[in-house]
Amino acid sequence: MLPGGWNSNLLTETRFTTPWVRTEYVNTDGGARWLRFFRERGPEGGETVLESPLTGYTPALTYRESWNRGVFSPALVPADEYSDGLTRTGDVIRANVPMYGDGAGHAGWAATTRARTALYRDGELFAEHPAVGGKGFRVPPGAADYRLVVETERGAPAALSTRTSTAWTFRSEHAEGDDPLPLPVSVVRFSPALDARNTARSGGIYRIPVRVERQRGSTVGEVRDLTVEVSFDDGATWNPAQIRKGRVTVRHPAAAGFVSLRARAADAAGNTVEQTVIRAYRIASRN
């Protein structure tokens, strides 16, 4: 973005094979800000897209940025940058959440082989459609308890976050005005220290940074409770994990494989989020 709020439509593309290291030099005159994209295309047309926020840089400084590192899961981003998030406009509830944000916090979208968005009202299925996002759900104006569920699956060449499920619960009623009202929801974000191939060492104790990311502009409260479970058999069995000082402690098995993560968070007002990421990251021995 150029000074004065002007947008430049100049896009430059560099093709490469991951993992890859790139050095860029950017212009900062007048407070210019930069927007970057990462696109990964599969052999049969499947695509993953990551997008940075508008970022400003200080002259003569060096910045290091990491892209396309797990865990790939829902991310809540400022509504004026990528999407509306999870909102209500009048009596229409919409879920426009990037479901494959990376561990560095970039918004992310991906081609899916199956998707489902379902809205429950006062415990009953209200409506659903076989896609992520969509045109939204028109609901009665009165106050009610809602549960919004988004499920996705993706296939090869994607090897991580092959199945995800996110369920938000919140209370909502008619929203005045024409602007989307951010609903009181959160997501749980994991940022493990993975190598360039999104792999951690098998065997031993591993600690994963975790945080609860709240939707900006909403009435979501302070986090009251957070629990995390871990699975090493693609979700067939789960075991509770200890959380201490913002880190989840996981004991990796000796064999190579994948780690799946399941989390639940609640705020002081009773709003909740439940997330499951099957094959959140890979583990392997490093000889």
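Values computed for the structure shown
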| item | result |
| --- | --- |
| Residue list for segment 248-287, filter: among the small types (Gly, Ala, Ser), surrounded by fewer than 19 Cβ atoms within 10 Å (Cβ to Cβ) and over 16 Å from residue 198 (Cα atoms) | 254, 255, 268, 269, 270 |
| Answer residue from segment 93-121, given it is over 20 Å from residue 281 (Cα atoms) and either of a type in the set (Lys, Arg) or touching an Asp or Glu at 6+ places or on another chain (Cβ under 6 Å) (or both) and is surrounded by the most Cβ atoms within 10 Å (Cβ to Cβ) among those | 94 |
| Filtered residues of segment 183-215 (kept if out of contact with any Lys or Arg (no Cβ under 7 Å at 6 or more places or on another chain), surrounded by 17 or more Cβ atoms within 10 Å (Cβ to Cβ) and not hydrophobic (A, V, I, L, M, F, W, C)) | 184, 191, 192, 202, 206, 214, 215 |
| So residue 48, is it at pLDDT 85 or above, under 25 Å from the mean Cα position of the chain (by Cα), outside any helix (DSSP H, G or I) and within 19 Å of residue 106 (Cβ to Cβ) | yes |
| Residue match in segment 230-247 (condition: in contact (Cβ under 8 Å) with a residue 24 or more places away in the chain, surrounded by 19 or more Cβ atoms within 10 Å (Cβ to Cβ), assigned to a loop (DSSP other than H, G, I, E, B) and hydrophobic (A, V, I, L, M, F, W, C)) | yes |
| Matching entry among 154, 171 (being surrounded by 19 or more Cβ atoms within 10 Å (Cβ to Cβ) and either over 29 Å from residue 225 (Cα atoms) or of a type in the set (D, E, K, R) (or both)) | 154 |
| Single condition residue 93 does not satisfy, out of (1) modelled with pLDDT of 95 or more; (2) at positive phi | (2) |
| Failed item, numbered, when residue 67 is tested on (1) within 14 Å of the chain's Cα centre (by Cα); (2) under 26 Å from residue 126 (Cα atoms); (3) hydrophobic (A, V, I, L, M, F, W, C) | (2) |
| Some residue of segment 96-104 being assigned to a strand (DSSP E or B) and not polar (S, T, N, Q) | yes |
| Qualifying residue in segment 189-199 (condition: at pLDDT below 95, over 26 Å from residue 106 (Cβ atoms) and part of a loop (DSSP other than H, G, I, E, B)) | no |
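The values are calculated or read from the model by the stated rules, or taken from the named source; none is laboratory data. Values in this document were obtained by computation on a predicted structure and should not be read as measured data. Backbone-built Cβ (ideal geometry, glycine too); neighbour counts: all protein chains shown.
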